[in-house]
Amino acid sequence: MWHLTVLTLVADLGAQPKGLLAARLDMNASDLARIVKDLADAGQVECVRSLTDRRRVDVLITPEGRSALDHLNADIASADDDILTPLSEAEREQLASLLRRVHAHHEATGSAAGSRPAAQARQV
């Protein structure tokens, strides 16, 4: 999942410094470095020195990475269609809206089911 997220972010925003990518994703820098290494080993991203700041390493997507991302997005869309088959287009939009609202609430409050203590989770 993180590989897809990093690949998507670099595809959408263009070349990004590793430090900024880690901050944007609220991820430990060493975890990001491992994911970027995996993507680079697969030929999906390149790590290059910034032309403006030689201390900085920028991550950019390669043509192979863009192709892989296109295939992954097509697979995700197909899976979504399979899962959501019983819903009309309006119901799908309503579901997406409700899920975005739940996500926004948990982002704003910093809460999530996985972050509650076990005893509190059992009470719900």
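Odds and ends about this structure:
- Relative to the current alpha-carbon distance between Arg24 and His106, full extension at 0.36 nm per residue lengthens the span by 27.8 nm.
- When nucleic acids and ligands are ignored and a 1.4 Å probe is applied, His105 ends up with an accessible area of around 100 Å².
- Fluctuation leader among Gly14, Gly110, Gly65 - the chain, Gaussian network, Cα springs under 10 angstrom: Gly110
- Per-atom-type breakdown for the chain gives carbon and sulfur 55% of the accessible area (1.4 Å probe, protein chains only).
- Values of log10 I(q)/I(0), in the order q = 0.13, 0.15, 0.21 Å⁻¹, for the chain under a Debye, Cα-only, solvent-free model: -0.74, -0.90, -1.15
- The helix-based estimate of mean residue ellipticity at 222 nm for the chain, built from -39,500 (n - 2.57) per DSSP H run of four or more residues and divided by its residue count, is -20500 deg cm²/dmol to the nearest 500.
- Angle in degrees between helix 29-41 and the longest Cα principal axis of the chain, rounded to the nearest 10: 70 degrees
- If only the Cβ of Lys and Arg carry +1 and only the Cβ of Asp and Glu carry -1, the dipole of region 1-117 around its Cα centre is close to 780 debye.
- Counting heavy atoms of the protein chains alone, Leu9 has an accessible area of about 40 Å² for a 1.4 Å probe.
- Relative to the longest principal axis of the Cα atoms of the chain, the long axis of helix 63-83 lies at roughly 10 degrees.
- Extended-chain gain in nm, criterion 0.36 nm per residue less alpha-carbon gap, Leu51 and Ile83: 7.0 nm
- Per residue accessible area in Å² of region 8-95, where ligands, DNA and RNA are left out and the probe is 1.4 Å: 65 Å²
- Rounded accessible area of Val102 (nearest 10 Å², 1.4 Å probe): 80 Å²
The values are calculated or read from the model by the stated rules, or taken from the named source; none is laboratory data. What you see is a predicted model, and the numbers here were worked out from it, not measured in a lab. Every residue, glycine among them, receives a Cβ derived from its backbone with ideal geometry; neighbour counts consider all protein chains shown. Protein only, heavy atoms only, side chains kept; ligands, DNA and RNA dropped before computing areas. Shrake-Rupley method; radii C 1.70, N 1.55, O 1.52, S 1.80 Å.
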